[in-house]
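In what follows, a single structure is set out as structure tokens and then discussed.
Values quoted throughout were computed directly from the atomic coordinates according to the rules given, and no laboratory measurement underlies them. As the structure is a prediction and not an experimental result, all values here were calculated from the model. A quick note on method: Cβ atoms are made from the backbone with ideal geometry, for glycine too, and the neighbour counts reach across all protein chains shown.
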Amino acid sequence: MGIYGMVTGKAGKSGFGSASTAEDVTHSIDANHLTAIITGGTSGIGLEAARVLAMRGAHVIIAARNPKAGNESKEMILQMNPKARIDYLQLDLASTKSVRSFADQFLALNIPLNILINNAGVMFSPFQLTEDGIESQFATNHIGHFLLTNLLLDKMKSSARESGTEGRIVNLSSIAHTYTYPEGIKFQSINDPDGYSDRRAYGQSKLANLLHSNALSRKLQEEGANITVNSVHPGLVTTNLFRHSGFGMKVFKAMTFLLWKNIPQGAATTCYVATHPDLKGVTGKYFGDCNIIAPSKFATDNSLADKLWDFSVKLIDSLSH
């Protein structure tokens with residue numbers, strides 16, 4: 001995923017590159033037998049992934065905070081594709097109570113779950129604590145998805161066993177995971193406003209997404225579960241994530257305009273990793289522009305991944321007592 005490839009769109013080993021769209025990478029895929037949950041599926045690359053997976057036949061559940069946006073997204077996809085199997089369920093990732101409620105509602109539907117795309121996120125937010133008392137970027141981007149994944153994991157395992165179809169979990173990370181705090185994850189002061197940096201806190205949360213993927217991938221391999229877990233950098237895409245960015249980001253975008261993707265291109269790597277048959281059995285990897293790329297040193301540190309896993313479990317347990 002070098003600069004040359006990003007600018008020219010030249011395809012990598014997978015046959016796809018930065019210019020590929022979500023429709024391109026799913027062109028020959030029949031997803032009629034698949035059910036997918038996409039968090040944050042009401043705008044940007046999440047909405048495009050929902051639209052394209054539904055177009056390929058998958059039953060898609062959009063999980064998002066705003067019911068109005070959720071239902072409008074569902075209606076928009078149905079207008080474009082009246083045969084789409086698309087549903088909306090409310091999910092606020094910043095609230096562990098909401099995450100548990102969403103999981104209960106989904107499991108009550110008694111349908112399979114083959115694909116979980118942990119796509120939603122916030123970026124560069126000013127310091128604030130959620131209702132659970134957790135710094136908002138870490139809570140929304142990591143803790144919410146960590147809990148959601150754990151609550152749905154047994155359903156994914158049983159779906160894979162009963163159907164013989166490999167389950168896939170896709171965590172949206174970012175190249176921003178390389179710009180974090182000096183220690184990687186500030187375990188001792190996650191919720192401390194002193195020394196808070198909106199940029200580094202975002203990078204920390206995106207590093208957490210990668211570490212979560214890698215730890216879960218190892219655990220599932222040890223169990224022999226038929227589920228893969230991979231992380232994705234979607235590329236530089238203009239979406240609602242940039243609502244907290246200021247003048248500096250506008251200047252950066254103007255200087256780097258050749259590197260930016262449109263939304264169909266931004267959703268390509270997510271859809272590729274979630275559905276492509278070439279990736280059967282591929283797990284614990286990090287993808288950019290639909291090809292495997294190397295993450296940071298922190299991201300490949302298994303002891304840091306295990307420490308984050310234990311920290312996350314304890315933090316969530318402390319909230320339920």
### Task
Determine the percent antiparallel among the DSSP beta bridges restricted to the chain, to the nearest 5.
10
### Task
Please check the chain for the longest run free of GluC sites (Glu not before Pro) that are loop-located per DSSP (anything but H, G, I, E, B) and have at most 16 other Cβ atoms within 10 Å.
184-321
## Note on the structure
If every Lys and Arg gets +1 and every Asp and Glu gets -1 at its Cβ, then about the Cα centre the chain yields a dipole, in debye to the nearest 20, of 580
#### Entry: Set Lys13/Lys280; Lys68/Lys219; Lys97/Lys186; Lys74/Lys285 screened for pairs whose C-alpha atoms are more than 26 Å apart
Lys68/Lys219; Lys74/Lys285
### Task
Compute the length gained on full extension between Gln128 and Asp301: take 0.36 nm times their separation in residues and subtract their Cα-Cα distance, giving the result in nm to one decimal.
59.4 nm
### Message
Going by Cα centres, the stretch 285-321 and the stretch 179-234 are how many Å apart?
### Response
4
### Task
Consider a paramagnetic label point 7 Å from the Cα of Asn32 along Cα→Cβ; state which residues of the stretch 83-103 have an amide N under 18 Å from it.
83-86
### Query
Going 7 Å from the Cα of Lys13 toward and past its Cβ, which residues in the stretch 293-321 have a backbone nitrogen under 16 Å from where you end up?
293-295
### Query
Going 7 Å from the Cα of Ala294 in the Cα-to-Cβ direction, what parts of the stretch 190-210 have a backbone nitrogen less than 19 Å from that spot?
207, 210
### Message
For a bin width of 5 Å, list the pair-distance distribution of the stretch 1-101 built from all Cα-Cα distances, rounded to whole %.
### Response
3, 13, 20, 18, 15, 12, 11, 7, 1, 0
### Summary
On the formula 1/(1 + (r/R0)^6), with r taken between the Cβ atoms of Val313 and Asp278 and R0 of 45 Å, the FRET efficiency rounded to 0.05 is 0.85
### Summary
If R0 = 41 Å, then Glu162 and Asn262, at their Cβ-Cβ distance, give a FRET efficiency to the nearest 0.05 of 0.60
### Query
Between Arg199 and Lys219, what FRET efficiency comes out of the Förster formula 1/(1 + (r/R0)^6) with R0 = 25 Å and r the beta carbon distance, rounded to 0.05?
0.20
### Query
If Lys and Arg each add +1 and Asp and Glu each add -1, what is the summed charge of the other residues whose beta carbon sits under 11 Å from the beta carbon of Gly284?
+3
